[in-house]
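A.B. asks: Handing you this structure, nothing more for now.
The values are calculated or read from the model by the stated rules, or taken from the named source; none is laboratory data. In this text the structure is predicted, and so the values were computed from the model without any measurement. Methodologically, a virtual Cβ is constructed for each residue, glycine included, from the backbone with ideal geometry; neighbour enumeration extends over all protein chains shown. Heads up: the accessible areas ignore ligands, DNA and RNA and are worked out on the full protein's heavy atoms, side chains in. Shrake-Rupley method; radii C 1.70, N 1.55, O 1.52, S 1.80 Å.
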Amino acid sequence: MTTTDTVRPTGAAPAPAALTAAELAAVRADFPLLGRTVRGGRPLVYLDSAATSQKPNVVLEAEVDFYEQRNAAVHRGAHQLAEEATEAFEDARAAVAAFVGADEDEIVWAPGATAALNLVAYALGNATAGRGGAAAERFRLAPGDEIVVTEAEHHANLVPWQELCARTGAVLRWFGVDGDGRIDLTDAGAVITDRTRVVAFGHVSNVTGAVAPVAELVAAARRVGALTVLDACQSVPHLPVDLHALGVDFAAFSAHKMLGPTGVGALYGRRELLEAMPPVTTGGSMVEVVTMAETTYAPPPQRFEAGTQMVAQAVGMGVAARWLDELGMDRVARHEHELAAELVRIAEIPGVRLIGPADTHDRLAVVSFVVDGVHAHDVGQVLDDRGIAVRVGHHCAQPLHRSFGVAATARASASVYTTVDEIVAFREALSGVRAFFGVE
Amino acid sequence: MSALEQMYQQVILDHAKHPHGRGLAGSADPAAGHLAGESHQVNPTCGDEITLRVDVSDGADGRTVSGVSWEGQGCSISQASASVMTELVTGRGLDEVAHLDAVFHDLMASRGKGLGDDDVEDALGDAAAFTGVSQYPARIKCALLGWAALKDSLARSGALAA
Ligand SMILES: Cc1ncc(COP(=O)(O)O)c(C=O)c1O
């Protein structure tokens, strides 16, 4: 298998160049944290980027620079600092929008993907309660309407929909997964029906790394007039993502998984939908006219940005997007595709079982696994002793774990700064785990 | 010994492999002169679970833990700790059990230093081997899962009431 064919749409431009060793070294040198040691002087092998990524200097400096030079309240104040702060804030929005193929006014700042997904769910709930007037009619749910998710979802893209169903009388339905953890579309026509109003799914599973069949799901949703909500947390940091081209109605992603700061993320919404959608959090900065009796609301995106925003973090997110753009997401994807091929080779280790696809077709560089006879926590501890950071547990995806018949897995995940050598070191350490616990 | 070997002492690995008290025994309906309680505890971060049943004999000379049994899934630390605890508390009076529970919690808060008191640690028996676990803040919860289930099931049995 070549290393690039599966991450690019067929018929796309020539394959992107791999990162050279010098380029990768330069990338790594940009991440101060990667230089530290852990557990008594061992070099850190950070394989937990799916949980949160490390940050390059430019992102760290952007936040400091904002506080040192431009800190002021945005969208108000008549002074120069306010002007500069607002410009930096809106410039970051433009950078994030361009990064994911959206228009500026289609990007709403949110504290993260979880908050962004909840924003959509609560806006639909508010519409159902009659808010938003005639324009919001299209968001209203009635008892018996259906919301469709998948068994592979992160809890962030499951629980808000369960709650919305409980509040509105809508019914939750879901796609199951196959033995590889891929969304099983076999009975798609029976799951997405005329009653379906929302189809919410993850672009890439944070457990299996499997890429969802976005085109099929969007087409099926459109046929019945349902809204699509894409959890793009695990795709945006690793693949070129063009939300307009994907044709989804909403998408959510977090800065901290794409080399940016914590505390900020984005909700993408198609312009006409955001315009029609009632607000969720209300208060300052999201209004037009306020009287003692009632209030009219600002147009999007401000309508959804009540209160003082996380300005310095948003600026950092914009810088992270530009940093990735400069490197080229097609090259990032190619590099990580090579890492994925190295990661799935853990299946060759006796007693190690992959949870998820064993091939590298439509899958990213995140692998979850179990070691026969050794609990995931214990696996993680032995790896940690070698300086290798992996995640253990259910990774906020209990239903998916249940479908595999396991309570917990260990997970190794890569990012643009991960090297093949690190994954080789991980495989070596993993090979010794069963012996350590005497279960060979 | 490395920190890792201090945590995974042989006694702990042995208990994890051959746990005592594993397999729910008895019933929630106690025999005459006995009290019984059951508790289900989970560690939400890793999905570890334990269901534990305790049987308390309610004699003239006080209440005694007469049986502990449990079922669960989890890491070697949580399984071994439940096993060690089962051995340690069976046959003990409730005051003693409360004391052991407090001492074990102190040990887990000791950040790898132990309690600095041989007599106290001797009283813990195999449970003293968990000193190494207390160096790893993320694993302390694992070691305490069984103890939390014991405390809760004792409370539910009514044995802690006067
Ligand atoms: C697929 C997926 N969705 C949603 C989230 C939630 O993101 P956050 O915790 O940044 O809100 C995560 C991160 O854990 C994720 O991996």
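A.B. asks: What does the accessible area per residue of chain A come to in Å², with a 1.4 Å probe and no ligands, DNA or RNA counted?
C.D. replies: The answer is 39 Å² per residue.
A.B. asks: Right, something else. Given A:123, A:408, A:77, which one lies farthest toward the positive end of the charge dipole of chain A, if we put +1 on the Cβ of every Lys and Arg and -1 on the Cβ of every Asp and Glu?
C.D. replies: A:408
A.B. asks: Sticking with this one: With Cβ to Cβ distances under 11 Å as the rule, what net charge do the other residues near residue A:178 carry (K, R +1; D, E -1)?
C.D. replies: -2
A.B. asks: To the nearest 0.05, how large is the calculated FRET efficiency for residue A:291 and residue A:91 if R₀ is 30 Å and r is the Cβ-Cβ distance?
C.D. replies: Working from the Cβ atoms, E equals 0.30.
A.B. asks: Continuing with the same structure: Calculate, for residue A:195 and residue A:271, the FRET efficiency according to 1/(1 + (r/R0)^6) with r their C-beta to C-beta distance and R0 25 Å; round to the nearest 0.05.
C.D. replies: 0.40
A.B. asks: Of the candidates A:413, A:53, A:285, which one comes out as most mobile in a Gaussian network treatment of chain A with C-alpha springs shorter than 10 Å?
C.D. replies: Evaluated over chain A, the most mobile residue of the options is A:285.
A.B. asks: Over the stretch B:3-157, average the accessible area per residue using a 1.4 Å probe and give it in Å², no decimals.
C.D. replies: 43
A.B. asks: What is the stretch A:193-346 by shape, rounded, prolate or oblate, if you read a ≥ b ≥ c off the alpha carbon gyration tensor as root eigenvalues and call it rounded for a/c under 1.5, prolate for a/b larger than b/c, and oblate otherwise?
C.D. replies: Judged from the Cα gyration tensor, the stretch A:193-346 comes out oblate (a/c at least 1.5, b/c at or above a/b).
A.B. asks: Accessible area of the protein assembly as shown with a 1.4 Å probe: how many percent of it is carbon plus sulfur?
C.D. replies: The C+S portion of the solvent-accessible surface of the protein assembly as shown is 51 percent.
A.B. asks: Still on this structure, please answer the following. Under a 10 Å cutoff between Cα atoms, tell me which one of A:17, A:210, A:376 has the largest fluctuation in the Gaussian network model of chain A.
C.D. replies: Highest fluctuation among the options: A:17.
A.B. asks: Still on this model: Using a ≥ b ≥ c from the Cα gyration tensor of the stretch A:60-325 (square roots of the eigenvalues), is it rounded, prolate or oblate, where a/c under 1.5 gives rounded and otherwise the larger of a/b and b/c decides, a/b for prolate?
C.D. replies: oblate
A.B. asks: Within 10 Å of each Cβ in A:368-377, how many Cβ atoms from other chains are there, averaged over the peptide?
C.D. replies: The shielding value for this peptide is 3.
A.B. asks: Just tell me which lysines come within less than 18 Å, Cα to Cα, of residue B:141; anything on the same chain fewer than 8 places away is out.
C.D. replies: B:113, B:151
A.B. asks: Ok, one more. Would you pull out the residues with amide H under 5 Å of residue A:152's amide H, same chain only if 5 or more places away, H placed 1.01 Å from N?
C.D. replies: It is none; the list stays empty.
A.B. asks: GluC sites (Glu not before Pro), restricted to the stretch A:262-343: which are DSSP loop and have at most 16 other Cβ atoms within 10 Å?
C.D. replies: Passing sites in the stretch A:262-343 are A:294.
A.B. asks: Something else now. Chains B and A: what accessible area do they bury, summed, in square angstrom to the nearest 100, with a 1.4 Å probe?
C.D. replies: Roughly 1400 Å².
A.B. asks: Sort the protein assembly as shown into rounded, prolate or oblate with this rule: let a ≥ b ≥ c be the square roots of the eigenvalues of the Cα gyration tensor; rounded if a/c is under 1.5, and if a/c is not under 1.5, prolate when a/b is larger than b/c, oblate otherwise.
C.D. replies: Prolate is the answer for the protein assembly as shown, as a/c is 1.5 or above and a/b outweighs b/c.
A.B. asks: Please check: in the Gaussian network model of chain A (C-alpha springs, under 10 Å), which one of A:82, A:314, A:156 has the largest mean-square fluctuation.
C.D. replies: It is A:82.
A.B. asks: Size of the dipole of the protein assembly as shown about the Cα centre, Lys and Arg at +1 and Asp and Glu at -1 on the beta carbon, nothing else charged, in debye to 20?
C.D. replies: Computed about the Cα centre, the dipole is about 620 debye.
A.B. asks: To the nearest 0.05, how large is the calculated FRET efficiency for residue A:64 and residue B:27 if R₀ is 60 Å and r is the Cβ-Cβ distance?
C.D. replies: 0.40
A.B. asks: Still on this structure, I have one more. Each residue of the stretch A:304-315 in turn: what ³J(HN,Hα) in whole Hz from Karplus with 6.51, -1.76, 1.60 and θ = phi - 60°, glycine and Pro shown as x?
C.D. replies: 9, 10, 6, x, 5, 8, 7, 5, 4, 5, 4, 4
A.B. asks: Taking every DSSP beta bridge that has both residues in chain A, what percent is antiparallel when rounded to the nearest 5?
C.D. replies: 60
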